[in-house]
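Beneath this line is the structure, given in structure tokens, with notes to follow.
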Amino acid sequence: MQWEVVIGLEIHVQLSTKSKIFSGASTAYGAEPNTQACTVDLGLPGVLPVFNGEALKKSVMFGLAVGAKINERSVFDRKNYFYPDSPKAYQISQLYYPIVGEGHIDIDMEDGTQKRIGVTRAHMEEDAGKSLHESFHGQTGIDLNRAGTPLLEIVSEPDMRSAKEAVAYMRKIHSIVRYLGVSDGNMQEGSFRCDANVSLRPKGQEEFGTRAELKNINSFRFVEKAINVEIERQMDILESGGTVTQETRLYDSEKNETRSMRSKEEANDYRYFPDPDLLPIVISADEIEAIRATLPELPDDKCARYMDQLGLSEKDAKALTIDRDMAEYYETVQQAVGDAKMAANWILGDVAAHNNKNGIEFKVCPVNAEQLSGLLKRVKDNTISGKIAKEVFEAMYAGEGDADTIIDKKGLKQITDTGAIEAIIDEVIANNPGQVAEFQSGKDKLIGFFVGHVMKASKGKANPGQVNQLLQQKLKP
Amino acid sequence: MSTLDKSDVEKIAFLARLGIDEQDIPEYATNLSNILDMVEQLDSVDTDGVKPMAHPLDAVQRLRADVVTESNDRENLQSHAPEVEQGLYLVPRVVE
Amino acid sequence: MHNKTIAELSAGLKAGEFSSVELTQSYLDRINSLDEQLNSFITVTPELALEQAKQADEQRAAGNAGILNGIPLAQKDIFCTKGVKTSCGSKMLDPFISPYNATTINKFNDSGSVMLGKTNMDEFAMGSSNETSWYGAVQNPWRKNAVPGGSSGGSAAAVAARLAPAATGTDTGGSIRQPASFCGITGLKPTYGRVSRYGMIAFASSLDQAGPMTRTAEDAALMLNVMAGFDPRDSTSVEETVPDYTANLNDSMAGLKIGLPKEYFSEGLDDAVAKVIESAVKEYEKMGAVIKEISLPTSNLAVPTYYIIAPSECSSNLSRMDGVRFGHRCEDPKDLNDLYIRSRGEGFGTEVKRRILVGTYALSEGFYDAYYVKAQKTRRLITNDFNQAFADVDVIMGPAAPSTAFNIGELTDDPITMYLSDIYTIAVNLAGLPGMSIPAGFVNDMPVGLQLIGKHFAESKLLNVAHQFQQATDWHTKAPAAFK
């Protein structure tokens, strides 16, 4: 049988506010356990939540960025369940009236086409604490620093049909929240987490199959792997005539398998009801428009602009705009150097390659945008050749200084003095009489041989354009 | 008429993580059934088109400025906690 | 000295007739010698009280004493008090020494008043007789073996017995007004949102409201002047300016329009209580008020509506009592669920468990719309009734409770009849209105309370109406024989 894969994602994005969603405790990552859990975060008797307006603003920004309807009236509900990382035994969330309604984004498919993925809704809620399973005499330790960190849960339509599409969707959402500055999107620190609902159905069938929910998959790579192994698992079950159980499963990246989380299964009755400690959140059309006015240029718009105004190819424009930091880096270099194509080639080439190799993000790239501009300007003004520039870049990346310092120190300045180049050419011609004869008898391709020798003899410093021109003159029969 | 039996009470008690003595269950079942009968008087009230009322005053949520106002008070907050080690609250092992 | 009101004590302190330390010590002595008979305090804090009294005297000497400076008060054990046990009448919180102060406690501290201790109450404020307290029942000072009412039974008994000049209470369905009625004192439940709920352990968040329990309306005004006001820590508190509640106490009753809901004088009301209320109303007529019969046709929906909304909210509010971060924890839990189930099973009493179960059921899948949403709708109908009535009248009057205080143990096996003892007070909470109970007479030597209900934020009007009654009558000055 031919199976069709159906995937929907729930992405939890930590909103980058300074204080928590319902308390004045700090949201900074990595503090000593429970030092950022105040009376409200601990759910002590008598405490009450007060809503952080910045969480609202950031949620609305996201909604506007995905073309969604912003609900002028939204309500916080309590989701009741007992778990030690949930100190009140309920999570404040939004079930019935979320802040963000239906929207959509477009993802790029491998064949170069685009596909529209629906965003069902996005709602605000509070993050839970963390359970630490290191042995405390066989007990679990609870750290509530994270409890109350604002989250935006973005729920997609079940519109994705492969793990690759799911990853493309996730990357796009990641890119948007980073552009908007509503989240740092840091996946290692858990600022951007994903649950995937995966099911299979016979091709052509309209009705969905039974789904499994994969919990907490925290990297793009793992999302793809987790979904693929889950697809295989379900296919094995269905092919052998079995039925898939609706359940929550955890992806084990070491074993590359998913396994059932029975602990989350028992008696799932969350008894949602409106939180009586909080009042309805009301935002006017004018306030929404004021937030819209603050939206930065988003990746799709930026990409279009790079193609239209800077003349970049679609491929380059897309690659440059997926990450906001990279796009900002690019724009700084492009403006300083005045060569859109050259800047794109360098950034997508050497800079990206070095960053990837070293696991470094553009924001903290050891060669910052100003420094790279300094280097490229020296190529533009013929101080060095493109080839030498790569050598200089290596040195810059290794922290040896800026371009001019390195060029000076290593004596890499290009030879543009015609006399000096002629001297080298004369020597090369004198040493290769056979090739000279062949060239003069019409073997034009041999020009490369002469250029190569001249460049080699000049240790790469001769200006290649000049070399070419002078060689043509001198080799004329 | 709602009549709750023993297994209903047990199910609700588990949802609420509430220990109840076995011998008290019948009495809870009776009392709960009576209370439910009492509240079911509302069934006969016509509430078509009535907007549910969550709060006595039709107020809206005030927004707090995004400012950190709390500082580390762990020692005070944990001074009477049942079981704490290295700043963590301890619970029986959680299996995922 | 113990028969003096706050206003009188404040004048005495100001005139230097006695110091706060002396005053505080005299109340501590009374508590020490008399509370054994009543059990109105869960915790007495003599050292803290004397320390606060000393500071108050110093403040006064320095020339910055407000009206409550040096006045000893009792706080219901529902308010979190830093460094002091805050039990809420429950074994669950018997080990809970609060690490922070409720806003109300901070406000009283700032006023320079003195805390004598924490008063007994129904467990988590769930009860109408104070019998559900883990610390035992409270006696009504007017008759041995009668209940003081609840849930603020300890505060009502302490004030009636002159163990404190005044106390705080909280009222979710009548928990200030019904015990005030049973104990013959003045109790005010303000408009929802008027007094901060921060640090007041929540029973039903959309209904709970704190207020003063005093011997006179004037004292209630002085207390409310301290308690009322916007609190940035409580989203449901209201940013409405706080008037001086003593300013209008002496306004005339001439032309005041009083509504008497016919539903409050029908079946279920004790005849003798009805007579007391009727004669109280006549008193107002004498003062020039205009009496009008009105109807609140949805009155019969109040108790069922309340017994869906309050248990639903409480089932969720009390879930945080899980034995992990504070409070009672069972011995040697074998796993996580065992920790929850036993800690909560051991920590909560029968009535609290009953309400948690009702609320859990009402919110559970498949029942939510039929119970909770339905009750939210009937809640609006009840509120609409009041709004309509207030188009024609200034104040609504009626009994605070259908009878005088019943006996300890009389209704404990009959939860529904117990619930019905709040039949006249519950609707006021559902609508979020201010309400008072003031002493209006006696039936068989037991006090009867007249309930006054006002429009939203009409506390000044209620206090004025109550004060004028107390100028014309002396019911509020009567003290129980054993505690004169």
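Readers should treat all values here as calculations from the given coordinates under stated rules, not as data from a laboratory. Because the structure is predicted, anything quoted here is derived from the model rather than measured. Neighbour counts are summed over all protein chains in view; Cβ atoms, including those assigned to glycine, are modelled from backbone coordinates with ideal geometry.
Numerical summary
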{"read-out": "Mean residue ellipticity (222 nm) of chain C, computed from DSSP H runs ≥ 4 via -39,500 (n - 2.57), nearest 500", "value": "-11500 deg cm²/dmol"}
{"read-out": "Sites excluded, trypsin sites (Lys or Arg not before Pro) in DSSP loops with at most 10 other C-beta within 10 Å, longest stretch of chain A", "value": "A:256-477"}
{"read-out": "Considering only the protein assembly as shown, percent of DSSP beta bridges that pair antiparallel, nearest 5", "value": "80"}
{"read-out": "Inverse mean reciprocal Cα-Cα distance (Kirkwood Rh) of region C:155-302, Å", "value": "17.2"}
{"read-out": "Sparse-neighbour loop sites [GluC sites (Glu not before Pro); region A:254-359; at most 12 other C-beta within 10 Å; DSSP]", "value": "A:E254, A:E265, A:E266"}
{"read-out": "Given charges at beta-carbon only (K, R positive; D, E negative), |dipole| of region A:3-289 in Debye", "value": "200"}
{"read-out": "Length-normalised contact order of chain B in % [C-alpha pairs under 8 Å, at least 6 apart]", "value": "21"}
{"read-out": "Taking N as its residue count, the alpha carbon Rg of region A:74-215 over 2.2 N^0.38 Å", "value": "1.22"}
{"read-out": "Once the Cα gyration tensor of region C:296-410 is diagonalised, semi-axes √(5λ) in Å", "value": "37, 19, 12"}
{"read-out": "Reach of C:K54 by Cα under 30 Å, taken over lysines that are not fewer than 8 positions away in the same chain", "value": "C:K4, C:K14, C:K76, C:K82, C:K85, C:K107, C:K118, C:K484"}
{"read-out": "Dipole of the protein assembly as shown [Lys/Arg +1, Asp/Glu -1 at C-beta], most positive-end residue of A:F449, C:Y371, B:P52", "value": "A:F449"}
{"read-out": "Solution diffusion estimate, µm²/s, Stokes-Einstein, the protein assembly as shown, Kirkwood Rh from C-alpha pairs, 25 °C, viscosity 0.890 mPa s", "value": "74"}
{"read-out": "Alpha carbon Rg of region C:67-157, scaled by the compact-globule rule 2.2 N^0.38 Å", "value": "1.10"}
{"read-out": "Size of charge dipole - the protein assembly as shown - debye, nearest 20, with Cβ of Lys, Arg +1 and Asp, Glu -1, no other charges", "value": "1860"}
{"read-out": "Convex hull of Cα atoms in chain C, direction-averaged projection (nm²)", "value": "21.4"}
{"read-out": "HN-Hα J in Hz across region A:38-51 - Karplus 6.51, -1.76, 1.60, θ = phi - 60°, x for Gly and Pro", "value": "8, 3, 5, 5, 7, x, 5, x, x, 7, 9, x, 10, 7"}
{"read-out": "P(r) weight above 16 Å for chain B, C-alpha pairs, percent", "value": "78"}
{"read-out": "Cross-link partners of A:K456 among lysines (Cα-Cα below 19 Å; sequence separation of 8 or more within a chain)", "value": "A:K387, A:K390, A:K410, A:K413, A:K445, A:K474"}
{"read-out": "Translational diffusion of region C:127-215, µm² s⁻¹ [Kirkwood Rh, Cα pairs; Stokes-Einstein; 4 °C; 1.567 mPa s]", "value": "102"}
{"read-out": "3J(HN,Hα) from dihedral phi, region C:171-183, Karplus parametrisation 6.51/-1.76/1.60, rounded to Hz, x for glycine, proline", "value": "9, 9, x, x, 5, 9, 6, 5, x, 4, 4, 5, 9"}
{"read-out": "Surrounding net charge for A:P49, when Lys and Arg each add one and Asp and Glu each subtract one, Cβ distance under 11 Å", "value": "0"}
{"read-out": "Most positive-pole-ward Cα, C:A362, A:P45, C:A254, against dipole of the protein assembly as shown from beta carbon charges", "value": "A:P45"}
{"read-out": "Environment charge at C:A391 (Cβ cut-off 12 Å; Lys +1, Arg +1, Asp -1, Glu -1)", "value": "0"}
{"read-out": "Cα-based reach from C:K286 at 23 Å (exclusive), listing lysines while leaving out same-chain residues under 8 positions away", "value": "C:K257, C:K262, C:K275, C:K461, C:K478"}
{"read-out": "Chain C - percent relative contact order, Cα under 8 Å, separation 6 or more", "value": "18"}
{"read-out": "For chain C, share of DSSP beta bridges that run antiparallel, in % to the nearest 5", "value": "70"}
{"read-out": "Angle in degrees between helix A:447-457 and the longest Cα principal axis of chain A, rounded to the nearest 10", "value": "90"}
{"read-out": "Average beta carbon contacts from partner chains per residue of A:87-94, 10 Å cutoff", "value": "3"}
{"read-out": "Relative contact order computed over chain A (Cα-Cα under 8 Å; 6+ residues apart), in percent", "value": "14"}
{"read-out": "Alpha-carbon radius of gyration plus Dmax, which is the widest Cα pair, for region A:418-475 in Å", "value": "10.3, 30"}
{"read-out": "Formal net charge of residues neighbouring C:N64 (Cβ-Cβ distance under 15 Å; K, R +1; D, E -1)", "value": "-1"}
{"read-out": "Spherically averaged projected area in nm², based on the convex hull that wraps the Cα atoms of chain A", "value": "31.9"}
